[in-house]
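*Asks:* Structure below; questions to follow.
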Amino acid sequence: MNETDNPQLNEALRLAKAGQKARAKALLAQLVKQEPRNARAWYLLSQVVEDREQIIFCLEKALALQPENIPLKERIERLKKPQYNDPDQLALIQKKKKRTRDFLGALALVIGIIVCTSIGMSVFSSNSGERTPEPTATMAEQDAFIMCLQFVRDRLKSPGSAEFPYSGEAQTSRNGDQFAIQSYVDSQNSFGASIRTRWTCTIRHIGNDNWKLINLQFSDW
């Protein structure tokens, strides 16, 4: 099955954009157990977990499958930079690292309940004649967002300092194979000061993993 047609991925994207991160996390945890070589599933899982060490864990799984993915590598490096000098905080981080090892196992305990609940809701919806809402996001939109991040990063004064928001905060419109995405980036300017810049990226999917940049505009926040 093509990853872009994976119903679990599309459902997880819909749930994440709707703010239902717990349900999206459970679906994705189940998917990566079934398909451990699904890089997109690992990447999306990194966006719905809250613990910093769990985010790194998921991103490293995705990077192992896509070692040429520079944005992934840079994000992992930023996340691994020491965040605290306080010994108590460092001890807390070490404690969280221990929990990461059985992260997926703990999630598996609730998957059965969530799946059964989802099936029950689906049956109820079918019996009542109501249509199940279609996903509000697709893997194509997710890929377009990731490619726009790369185009934006290439034009920054300090690409390594770039911090982008979660993809669910971006405004996306689609016309066939063309996507227009609006979001923002926090990065350092020529003087080393961190500034926020709004950007609008228009790109077109031209086949396989190839994208063409149509237009990229920056404006002050």
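Please treat every number below as a calculation from the coordinates, not as lab data. On a predicted model such as this, the values are computed, not experimentally measured, just so you know. When we count neighbours, we look across all protein chains shown, and the Cβ atoms used for this are built from the backbone with ideal geometry, even at glycine.
*Asks:* Short version: ³J(HN,Hα) in whole Hz for each residue of segment 22-28, in order, from phi by Karplus 6.51 cos²θ - 1.76 cosθ + 1.60 (θ = phi - 60°), x for Gly and Pro, what are they?
*Replies:* 4, 5, 5, 5, 5, 4, 5
*Asks:* For segment 1-52, what does the alpha-carbon gyration tensor say about shape, rounded, prolate or oblate, given a ≥ b ≥ c as the root eigenvalues, a/c under 1.5 as rounded, and a/b over b/c as prolate? Spell out each step's value before the answer.
*Replies:* Numbers: a/c = 1.94, a/b = 1.29, b/c = 1.51.
Here segment 1-52 falls in the oblate category.
*Asks:* Around Leu213, what is the net charge, scoring Lys/Arg as +1 and Asp/Glu as -1 over all other residues with Cβ under 15 Å from its Cβ? Before the final figure, lay out each step's value.
*Replies:* On the way: positive: Arg153, Arg155, Arg204, Lys212; negative: Asp143, Asp154, Asp177, Asp209.
Within the 15 Å Cβ shell, the charges total 0.
*Asks:* Then there's this: Within 10 Å, count the other beta carbons around each residue, average over each peptide in 199-205, 165-171, and list them highest first.
*Replies:* Working: 199-205: 19.4, 165-171: 15.0.
Highest to lowest by the protection proxy: 199-205, 165-171.
*Asks:* Quick one: give the max-minus-min coordinate of the C-alpha atoms of segment 139-220 along each principal axis, largest first, in Å.
*Replies:* 40, 21, 19
*Asks:* Order 71-80, 33-42 from most to least packed using the mean count of other Cβ atoms within 10 Å. Show your work: numbers first, answer last.
*Replies:* Values: 71-80: 15.5, 33-42: 17.7.
Going by the mean number of other Cβ atoms within 10 Å, highest first, we get 33-42, 71-80.
*Asks:* Over segment 139-220, calculate the relative contact order: mean separation of alpha carbon pairs under 8 Å at least 6 apart, over the residue count, as a percent. Provide the component values of the computation, followed by the final result.
*Replies:* Working: 138 pairs, mean separation 20.2, N = 82.
Over segment 139-220, the number comes to 25 percent.
*Asks:* Placing +1 at every Lys and Arg Cβ and -1 at every Asp and Glu Cβ, with all other atoms neutral, what dipole size does segment 139-220 have around its Cα centre, in debye to the nearest 20? Walk me through the numbers on the way to the answer.
*Replies:* Values: 8 positive and 9 negative charges, 50 e Å.
Dipole magnitude for segment 139-220 comes out near 240 debye.
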